[in-house]
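> Provided herewith is a single structure, encoded as structure tokens, for subsequent inquiry.
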Amino acid sequence: MIRINQHIQSLKPSATLAINQEVKRLRSQGEDICHFGFGQSPFQIHDSIVNELIANAENNKYLPTIGLEILRETIASFLTNYQNISSLPEDILIGPGSKELLYQTILLLEGVVLIPKGSWVSYGPQIQSKGGDYVVLDTYLKNNFKLQPEELKTYCEDNKDIQKSLIINSPNNPTGAVYSEDELKALADICRAYDVIVLSDEIYSQVNFNEESSPSIATYYPEKTFIFGGLSKVFSAGGYRLGFLKLPKELSYLHTTYRSLFSETFSAVASPVQYAAVEAFKMKSELKEYVNLGSDILKGVSNYVYTELVKYKIDCTIPQGSFYVMIGFNNFKEKINNLGIDTSSELANYLLKNYKVALLPGSDFYFNEEDLFFRLAFVDFNGEDVMRHYKNQTTVDDNLIKTNCPNIFNGIKNLIEFTKTL
């Protein structure tokens, strides 16, 4: 028997990846599952990006550890032009996905990490894997599970003597919430007053249902905000595994540390993928229209999900961006408890077995087990097919959902049916 790192041994497989594998297994056995558990873009990668990947397929050279210079220049311009974040190429570092860059940053930082309730599943396990500490800050449905300044201030006031890093994710996974300019400014004021480091996860930046891009806390707190983004969500290129990190100018001395860490771990991102990413982040007009079209469709699908669920007293966050909403069955809690179901994990298993609906329990997103909340990813449809029909009618109505998004339609119907049988 060999001895291994106990922090690593205590980890479980990522909940999002685990549910995806389970649904694949059930479907391979002929089960008709409505898959609300996995957040992968339903759309194809735009031809301009694919063509650039093909054109550079023979490029087998190692690129600089921190990334191709022209790619860093292009991302700096992208952030400046499309997200109102003043950026220079020397601020940008390239890695194999924003997930990996977040992990490398978590490895680098000492102190405690603050995670708002209703945050991505992997933040906590990444911190746990290094033996680090994190604290979950309360959020509430009435605020779309967005962190409020008073919650942050209370923690900071009680813990002045430790280094603190706050993770902010907007548009949010799992809630679909987007922080407004005013909300971010209020949080930035607290962060500045208490010297809080901010890790701003902006991987869904252009998947915004009301604007072309989402506000960033870096606009109001540039001196200590690390920004993370990439290809996977906005450009439907999850499998390409390319992300970026924008360092605050005031912390440029960390370049050397990151370069060393990268060189001893992943070395550099695949060359063809980096050249393809240059084309993506140029955001030419045709690609921009394609991204906006995808967001419009997701907005329509999310509105259908929200409208149908709240009609039957199922709690649901107001969808503002990303691929998700957080839904809750606390209005039916007593009747659900009478079934012998007391936790969100138990209810998730019950719904999968009896109603063929795959959801992720809120406990994976820092909710208490007894809170019957779940993440619902509304992307289980053929994006290419829906996009073709949407172009002809420019609305996402009930008929389009029923005809072209059958798993969305049937999944919502099954959840409503579940509440009717209680």
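The values are calculated or read from the model by the stated rules, or taken from the named source; none is laboratory data. Source: prediction; values computed, not measured. Cβ coordinates were reconstructed from backbone atoms using ideal geometry, including for glycine residues, and neighbour counts include every protein chain displayed.
> Please find, within segment 19-44, the residue that is surrounded by the fewest Cβ atoms within 10 Å (Cβ to Cβ) out of those that are part of a loop (DSSP other than H, G, I, E, B) and free of Cβ contacts under 8 Å to residues at least 40 places away in the same chain.
That would be G30.
> Any idea which of N337, N331, N382 is surrounded by fewer than 19 Cβ atoms within 10 Å (Cβ to Cβ), closer than 24 Å to D32 by Cα, of a type in the set (S, T, N, Q) and modelled with pLDDT of 95 or more?
Within the list N337, N331, N382, the selection yields N382.
> Can you find a residue in segment 297-311 that is free of Cβ contacts under 8 Å to residues at least 24 places away in the same chain, outside the structural domain of V198 (by TED's automatic domain parsing) and among the hydrophobic types (A, V, I, L, M, F, W, C)?
Yes, some residue in segment 297-311 is free of Cβ contacts under 8 Å to residues at least 24 places away in the same chain, outside the structural domain of V198 (by TED's automatic domain parsing) and among the hydrophobic types (A, V, I, L, M, F, W, C).
> Do we have any residue at all in segment 169-184 that's of a type in the set (V, I, T) and surrounded by fewer than 16 Cβ atoms within 10 Å (Cβ to Cβ)? Talk me through it step by step, then tell me what you get.
Applying the first criterion (of a type in the set (V, I, T)) to segment 169-184 yields 175, 178.
Subset that is surrounded by fewer than 16 Cβ atoms within 10 Å (Cβ to Cβ): none.
No - not one qualifying residue is present in segment 169-184.
> Moving to a separate point now. Among the listed residues D380, D342, which satisfies the condition of being more than 24 Å from R27 (Cα to Cα) and touching a residue at least 12 places away in the same chain (Cβ under 8 Å)?
D342
> Now, a different point. Can you tell me which residue within segment 114-149, out of those that are among the β-branched types (V, I, T) and in contact (Cβ under 8 Å) with a residue 60 or more places away in the chain, is farthest from F266 (Cα to Cα)?
Step by step, filter segment 114-149, then rank; the result is V136.
> Report, ordered by the first and then the second residue, all pairs with beta carbons closer than 8 Å, sequence separation of six or more or different chains, a first member in segment 219-239 that is over 24 Å from Q274 (Cα atoms), and a second member that is outside any loop (DSSP other than H, G, I, E, B) and among the hydroxyl-bearing types (S, T, Y).
Qualifying pairs under 8 Å: T225/S200.
> Testing L352 on (1) within 26 Å of Y134 (Cα to Cα); (2) aliphatic (A, V, I, L, M); (3) in a helix (DSSP H, G or I), one condition comes back false. Which one is that?
Tallying (1) within 26 Å of Y134 (Cα to Cα); (2) aliphatic (A, V, I, L, M); (3) in a helix (DSSP H, G or I), L352 fails exactly one: (1).
> Of the numbered conditions (1) within 30 Å of P64 (Cα to Cα); (2) in contact with a Gly (Cβ under 8 Å, 6 or more places away or on another chain), L287 fails exactly one; give the number of that condition.
For L287, the exception is condition (2).
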